[in-house]
1. Using a cut-off of 11 Å between beta-carbons, work out the net charge of the residues near I254 (Lys and Arg +1, Asp and Glu -1, I254 not included).
2. From the phi angles alone, apply the Karplus equation (6.51, -1.76, 1.60; θ = phi - 60°) to segment 100-110 and give each ³J(HN,Hα) in whole Hz, x where the residue is Gly or Pro.
3. Arrange the peptides 73-83, 29-39 so that the one whose residues have, on average, the most other Cβ atoms within 10 Å appears first.
4. Over 29 Å between Cα atoms, which of K43/K206; K157/K286; K115/K324; K136/K206; K102/K157 qualify?
5. Under 5 Å between amide hydrogens, which residues at least 5 positions from G211 or on another chain qualify, with H placed 1.01 Å from N in the peptide plane?
6. What full-extension length gain, to one decimal in nm, is calculated for I348 and Q251 as 0.36 nm per residue of separation minus the Cα-Cα distance?
7. In whole Hz and in residue order, list the ³J(HN,Hα) couplings for segment 52-60 that follow from phi through the Karplus curve 6.51 cos²θ - 1.76 cosθ + 1.60, θ = phi - 60°; x for Gly and Pro.
8. Please give the calculated 222 nm ellipticity per residue for the chain, where each DSSP H segment of at least 4 residues contributes -39500 (n - 2.57) and the sum is spread over every residue; nearest 500 deg cm²/dmol?
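Only the coordinates and a few stated rules stand behind these numbers; no lab work does. Here the structure is a predicted model, which is why all the values come from computation and not from measurement. Neighbour counts are summed over all protein chains in view; Cβ atoms, including those assigned to glycine, are modelled from backbone coordinates with ideal geometry.
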Amino acid sequence: MKDNKIKVPFSKPSIDRQEEKAVLKVVRSGWLTTGNETFKFEKEFSDFMNKALPSDSKNVVSLAVNSNTSGMILALNACGIKEGTAVITTPYTFVSTAACVKHVGADVIFCDIEKDSYNIDADKIEQILIENEKNKKYNIKAIIPVHIAGNVCNMKKIMQLAEKYSTKENKIYVIEDAAHSFPSLTDMGYAGTIGDAGVFSFYATKPLTTGEGGMVCTKDESLAKTMQIMRLHGMDRTAWDRYTSPKASWQYDIVAPGFKFNLPDVLSAIGRVQLKKTESMYKKRKHITEIYNKAFKELDFVTVPPDGKGNAWHLYLLRLNLDKLTIDRDAFAKKMQENGIGISMHFIPLFHFTYWKNLDPSFTKENFVNAESQFIRTITIPLWPDMTDKMAYDTIKVVTNIGREYHVR
């Protein structure tokens with residue numbers, strides 16, 4: 001009888017006494033919400049991003065938020081995405097990417113992913129833009145590329161497309177969903193700093209975590225100013241300023257109907273420590289991927305994940321070669337869990353969900369063949385900084401044994 005206890009967790013944050021000490025310091029300070037700790041975190045994050053920018057580039061402004069979702073809504077709002085406009089993005093993403101577009105009232109245009117990766121297909125984006133120039137069905141105002149698993153989209157082509165199809169009356173913005181891509185370094189700078197805005201996630205499983213949280217980055221001062229105001233109720237003064245300034249704390253103005261998207265100091269304290277560990281945590285994840293890649297390349301029933309320049313290796317998306325197996329992806333995943341390996345699925349394409357299917361009858365797996373093909377054969381296996389080599393080899397052993405047991409004879 002199998003022991004179904006999980007022996008290799010899917011993910012665990014790399015947290016130690018440094019984070020504990022930083023949080024305790026904030027707790028004892030008497031100031032828990034957004035304040036000096038968060039402002040320092042934003043400055044340090046900007047400094048990190050700016051060091052990789054091209055010499056002719058403007059510097060990045062970073063704004064801490066309570067989630068990637070909040071950051072995406074802020075960025076969309078600042079770029080003028082609203083009712084009567086449309087956004088091109090991928091169905092191969094977590095639901096929040098597209099939901100944010102709906103939250104600001106805009107239409108979503110889905111574009112299939114590349115055949116051999118999980119990222120949005122830039123050539124298909126252009127097909128959508130060309131077709132729209134003919135039929136004028138949508139007022140396309142933005143493109144949201146999602147860097148799945150930390151592997152960066154074809155940003156050079158996407159930026160070129162945004163410029164090519166923009167007009168004096170209508171700029172097409174590029175807003176990077178960089179939830180997975182810290183720290184993905186490319187020739188154009190870090191992912192998340194290439195487009196007009198980029199939004200990171202600091203959720204518990206992400207390469208840099210604050211438990212919950214995120215960061216919006218932009219080099220556009222106008223966008224930064226708008227997002228800074230909208231982040232906290234449309235108020236012209238922060239709580240830190242109101243309660244620590246010699247000016248009257250009760251005097252402020254509301255200049256827009258804003259949101260409540262700020263990140264508190266307690267969480268920013270964790271983020272500041274995590275930021276200092278960026279290189280070491282990346283090296284540890286990279287080490288585990290190298291163990292995986294070496295082993296899995298020897299097996300004919302799996303394919304290793306796509307790996308482009310600057311891959312942050314946030315997730316390890318193991319692809320099954322189903323023609324070599326007598327079981328499907330779901331059965332294979334269940335067998336892994338039964339053998340003590342924590343797994344997940346990234347992602348269920350949005351056309352599988354009731355809301356999105358009901359929104360557009362054409363939004364089906366038949367019209368997004370690459371997304372469906374990747375989905376039905378992909379399992380996300382454990383990958384986190386403090387994984388031991390033994391955990392990696394235990395995972396490999398389970399994958400190997402299942403594959404051999406259910407291999408086509």
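1. On the way: positive: R237; negative: D236, D253.
With Lys, Arg at +1 and Asp, Glu at -1, the net is -1.
2. Result, rounded to whole Hz: 4, 5, 5, 4, 8, x, 8, 8, 9, 10, 8.
3. Working: 73-83: 21.9, 29-39: 17.4.
The most tightly packed comes first, giving 73-83, 29-39.
4. Details: K43/K206 20 Å; K157/K286 27 Å; K115/K324 19 Å; K136/K206 39 Å; K102/K157 26 Å.
Pairs exceeding the cut-off: K136/K206.
5. Correct list: A204.
6. Numbers: separation 97, 0.36 × 97 = 34.92 nm, distance 4.78 nm.
Between I348 and Q251, full extension yields an extra 30.1 nm.
7. Karplus-based 3J(HN,Hα) across segment 52-60 equals 10, 6, x, 4, 8, 8, 6, 6, 7 Hz.
8. Numbers: 14 runs with 159 residues, N = 409.
Rounded to the nearest 500, it is -12000 deg cm²/dmol.
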